[in-house]
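Colleague: Quick one: the structure is below, questions incoming.
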Amino acid sequence: DSLDISLNGTTIERVESFDYLGLTIDEQLKFNFHIERVRSRIISTTFALKRIRPYITLHTATQLYFQHIHSILLYLISCWSTTTQSRVESLAVAQRKALRIIFERDYLFPSNQLFSAKILPLDLLIQYQKLILTFKLINNLQRSNVQIRTRGEVTGRVTRQSNHLFFSTAQSRFGYNDFFRNGFDAYNKLPVNLKRISNLDVFKNDLKDYLYSSLML
């Protein structure tokens, strides 16, 4: 409370949260406010879908899902997904409820049957987006000041993992969830045939199929 910071003669006000480019950043970087806002929007959209679903086609309902639910889940997901698993799960529950309305299924319908390569569950959607960003960094499709290095370049040793992306060891769970650790680690675990792809659109399509197939195992 005694924090006193000024910049060029202007006092910087201490606030509990701050909206920046559509992302609500709280003072502890837990993203609770942002997740609750997203969850509230999904619930409102789901309520509206429930009322109009008998009068629209499945195609229209699916379009509404991508426009008003999928889009806000995907926005800056690599940032806010570093929060606790319980907070992420609250959004996953809201996503499943919305899909049950769209596909006109009751609450006992198996949740894994709600998804496809086109509509991934939230945990795989998080992984998908992190892998896409990693692909862009490796192929210089994303501006960044982060240096991409392999384990072989760092250690100077030739091993089976020499071509894996290097990332430092995390000191906490929040540290591991950092994109540049979690994302690189997930990329290292991809099959070789996926990592050999150089075209972004091909990588996106094949990655969705791969992630969905892992859900079915």
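The values are calculated or read from the model by the stated rules, or taken from the named source; none is laboratory data. No experiment lies behind these values; they were computed from the predicted model shown. Methodologically, a virtual Cβ is constructed for each residue, glycine included, from the backbone with ideal geometry; neighbour enumeration extends over all protein chains shown. These accessible areas exclude ligands, DNA and RNA; they are computed on the full protein's heavy atoms, side chains included. Shrake-Rupley method; radii C 1.70, N 1.55, O 1.52, S 1.80 Å.
Colleague: Go through the stretch 1-18 residue by residue and tally those that are touching a strand residue (DSSP E or B) at 6+ places or on another chain (Cβ under 8 Å) and in a strand (DSSP E or B).
Modeller: Matching residues across the stretch 1-18 total 6.
Colleague: May I pose another question? Among the residues in the stretch 163-176, are any modelled with pLDDT of 80 or more, out of contact with any strand residue (DSSP E or B) (no Cβ under 9 Å at 6 or more places or on another chain), part of a helix (DSSP H, G or I) and of a type in the set (Gly, Ala, Ser)?
Modeller: no
Colleague: Would you check if residue 182 is under 17 Å from the mean Cα position of the chain (by Cα), over 22 Å from residue 81 (Cβ atoms) and part of a helix (DSSP H, G or I)?
Modeller: It is false that residue 182 is under 17 Å from the mean Cα position of the chain (by Cα), over 22 Å from residue 81 (Cβ atoms) and part of a helix (DSSP H, G or I).
Colleague: Another question, if that's okay. Please indicate, with yes or no, whether at least one residue in the stretch 36-47 is open to solvent by 40 Å² or more (accessible area, probe 1.4 Å), touching a strand residue (DSSP E or B) at 6+ places or on another chain (Cβ under 7 Å) and charged (D, E, K, R).
Modeller: Yes, there is a match, as at least one residue in the stretch 36-47 is open to solvent by 40 Å² or more (accessible area, probe 1.4 Å), touching a strand residue (DSSP E or B) at 6+ places or on another chain (Cβ under 7 Å) and charged (D, E, K, R).
Colleague: Would you be able to tell me the number of residues in the stretch 149-179 that are under 30 Å from residue 87 (Cβ atoms) and either of a type in the set (Asp, Glu) or out of contact with any Ser or Thr (no Cβ under 7 Å at 6 or more places or on another chain) (or both)?
Modeller: Residues flagged as under 30 Å from residue 87 (Cβ atoms) and either of a type in the set (Asp, Glu) or out of contact with any Ser or Thr (no Cβ under 7 Å at 6 or more places or on another chain) (or both) within the stretch 149-179 amount to 10.
Colleague: Output the qualifying pairs, or none if there are none: Cβ atoms under 6 angstrom, residues six or more apart or on different chains, first residue in the stretch 113-131 and part of a helix (DSSP H, G or I), second residue of a type in the set (Val, Ile, Thr).
Modeller: Sorted first by the residue in the stretch 113-131, then by its partner, the pairs are 126/77; 129/77.
Colleague: From the list 51, 87, pick out the single residue that is open to solvent by 20 Å² or more (accessible area, probe 1.4 Å), of a type outside the set (Val, Ile, Thr), at pLDDT below 95 and out of contact with any His (no Cβ under 6 Å at 6 or more places or on another chain).
Modeller: 87
Colleague: Restricting to the stretch 54-78, and then to whatever is among the hydroxyl-bearing types (Ser, Thr, Tyr) and assigned to a loop (DSSP other than H, G, I, E, B), can you tell me which residue is surrounded by the fewest Cβ atoms within 10 Å (Cβ to Cβ)?
Modeller: The initial filter retains those residues of the stretch 54-78 that are among the hydroxyl-bearing types (Ser, Thr, Tyr), namely 55, 57, 60, 62, 65, 71, 75, 78.
This time we only want the ones that are assigned to a loop (DSSP other than H, G, I, E, B), so: 57, 75.
Working: 57: 9, 75: 15.
The selected residue is 57.
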